[in-house]
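A.B. asks: Pasting a structure below so you can have a look.
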Amino acid sequence: MALRQILEFPDLRLRKVAKPVADVDDTIRRLIDDMFETMYEAQGIGLAATQIDVHLRVVVIDLQNEINEPLIMINPEFEVLTQEIDEMQEGCLSVPGIYEVVKRPEHIRVRALNRVGNTFELEAYGLLAVCIQHECDHLNGKLFVDHLSNLKRSRIRSKLTKQKRAEAAI
């Protein structure tokens, strides 16, 4: 396993649309292991391969208090099962230190491949549903800040750019 660098907004590589995984093999399983290690090191609950500059449709999630085991989704696709909307504060390892309320459907069904390439389906509510949608957004080149107003997104971009300049000057 190896730690990978997490890309940060506004890096344009975060806007690439990920390609489907053709074959779940040892290379993909190593990627999954690296993603978990990177996510845990960064103290996150979800990570999409896009965030580590690997543009394949792979997501890892671990809501330790919500589900019994870490979740691996390869080529995930979800459908919305309700018109009810959750408003939940979201953060992102690619947008460090920023938390904003985002509206998303509260009940979804996801279909994906697991670590060995077998198809599974899962219904998700609440935090898990939000996390799945958030990570699937990454696979489509979208960030949670895209759900915010242009003004908020611009302020976040400016704040993160200033932070990077300050860190580089040290």
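The values are calculated or read from the model by the stated rules, or taken from the named source; none is laboratory data. Just so you know, these numbers come straight off a predicted model, no measurement behind them. All Cβ positions, even for glycine, are placed from backbone atoms using ideal geometry, and neighbour counts span all protein chains on display. Ligands, DNA and RNA are excluded from the accessible area calculation, which covers all protein heavy atoms including side chains. Shrake-Rupley method; radii C 1.70, N 1.55, O 1.52, S 1.80 Å.
A.B. asks: Please give the contour-minus-distance gain from R115 to E41: 0.36 nm per residue of separation, less the Cα-Cα distance, rounded to one decimal in nm.
C.D. replies: Details: separation 74, 0.36 × 74 = 26.64 nm, distance 2.09 nm.
Using 0.36 nm per residue and subtracting the Cα-Cα distance, I get 24.5 nm.
A.B. asks: Starting from the 7 Å offset along Cα-to-Cβ, what nm value, one decimal, do you get for the label separation of E87 and N65?
C.D. replies: 2.2
A.B. asks: Provide, as a two-decimal number, the C-alpha radius of gyration of the range 39-123 over 2.2 N^0.38 Å, N being how many residues it has.
C.D. replies: Numbers: Rg = 13.7 Å, N = 85, 2.2 N^0.38 = 11.9 Å.
So the range 39-123 has a normalised radius of gyration of 1.15.
A.B. asks: Which of the three applies to the chain, rounded, prolate or oblate, going by the alpha-carbon gyration tensor with a ≥ b ≥ c and a/c under 1.5 meaning rounded?
C.D. replies: Values: a/c = 1.83, a/b = 1.23, b/c = 1.50.
Oblate shape, in that a/c is at least 1.5 and b/c is the bigger or equal ratio.
A.B. asks: Oh, and also: Where a Cα-Cα gap under 15 Å defines reach, which aspartates and glutamates qualify for K16, not counting those fewer than 8 residues away within the same chain?
C.D. replies: The qualifying aspartates and glutamates are E8, D53, E135, D137, D146.
A.B. asks: Could you work out how much longer the chain between A2 and N140 gets when fully extended? Use 0.36 nm per residue separation minus the Cα distance between them, nm to one decimal. Let's see the in-between values first.
C.D. replies: Working: separation 138, 0.36 × 138 = 49.68 nm, distance 2.47 nm.
Extra length available between A2 and N140 comes to 47.2 nm.
A.B. asks: Continuing with this model, one more query. Quantify, in whole percent, the carbon and sulfur part of the accessible surface of the range 1-132 (1.4 Å probe; protein heavy atoms only). Could you put the intermediate results ahead of the total?
C.D. replies: Values: 3200 of 7030 Å².
That fraction is 46 percent.
A.B. asks: Among all the lysines, which ones have a C-alpha under 20 Å from K159's C-alpha, if same-chain residues fewer than 8 places away are not counted?
C.D. replies: Those lysines meeting the cut-off are K142.
A.B. asks: While we're on this one: Could you order peptides 14-25, 41-52 by the average number of other Cβ atoms within 10 Å of their residues, highest first?
C.D. replies: 41-52, 14-25
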